[in-house]
Each structure stands twice: as C-alpha cells, then as structure tokens.
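The values are calculated or read from the model by the stated rules, or taken from the named source; none is laboratory data. It should be emphasised that the depicted structure is a prediction, and the values quoted were computed from it without experimental measurement. Cβ coordinates were reconstructed from backbone atoms using ideal geometry, including for glycine residues, and neighbour counts include every protein chain displayed. Remember, those area values only see protein heavy atoms, side chains included, never the ligands or the DNA or RNA. Shrake-Rupley method; radii C 1.70, N 1.55, O 1.52, S 1.80 Å.
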Amino acid sequence: MYLSKIAIAANLIRNPYRIHRCLWELFPDMPDSDRPFLYRMESANSESDVRILMQSEIAPKQNSESVRIIASREANLKLNDGQYLRFLLI
C-alpha cells in the first residue's frame, strides 16, 4: 500500500468527477481497471491548489501538470488479530 500527498489545481475541484479523473491520471497503466485508490480532500493551502491524501495499491506516477505528487511512500502495515484501528471519515 502507498500513502501519497497530492496537489490538484484549484480550478479542477469544482466537480467531484473531475477530481477522480485527475487522480486516475496518476495510474496511466490501469485505464480499464478497478479504482486502485481511496482519497480525501485535506485542505486548500492557497488559491492555486488543493491538497489530497491518497491511499493506493500501487505507486502513483507523475505524468500530469494539473496533478502533482508532493510526497509518496510505501506503507507496510503489520496488522494483528484483535488489533483496534481508527479511521477518519469526512
């Protein structure tokens, strides 16, 4: 699993479908696949871009000017039976 911080141009976030299409651009080798990621809009740090937190099965690839990967890292979670986890859903 990969955790990534993404910036998307603010003019592209008016439509949730457009956000989804922009994020798909980070997975160019999977055009007809099931969606390999989950995401959450985190913040608007400026008028020029919006920050997204994304969890994906594979590493995203930078290939678009409207979507920028700020940071990405592999997360190898070691889960145990009976372990409690917390999630933030907005």
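Quickly run through region 57-87 and pick out the residues that are without any contact (Cβ under 8 Å) to a residue 24 or more places away in the chain and more than 22 Å from GLU25 (Cα to Cα). Listed by number, the residues that qualify are LYS78, LEU79, ASN80, ASP81, GLY82, GLN83, TYR84, LEU85, ARG86, PHE87. In region 28-58, the residue that is nearest to ARG18 (Cα to Cα) out of those that are among the hydroxyl-bearing types (Ser, Thr, Tyr) and modelled with pLDDT of 80 or more is TYR39. Within region 1-24, restricting attention to residues that are in a loop (DSSP other than H, G, I, E, B) and open to solvent by 60 Å² or more (accessible area, probe 1.4 Å), the residue that is farthest from VAL67 (Cα to Cα) is MET1.
Residues that are open to solvent by less than 50 Å² (accessible area, probe 1.4 Å) and within 13 Å of the chain's Cα centre (by Cα) were ranked within region 59-70; the one that is modelled with the lowest pLDDT is VAL67. All conditions but one from (1) open to solvent by 80 Å² or more (accessible area, probe 1.4 Å); (2) farther than 21 Å from ARG14 by Cβ; (3) modelled with pLDDT of 80 or more apply to LEU88; the one that does not is (3).
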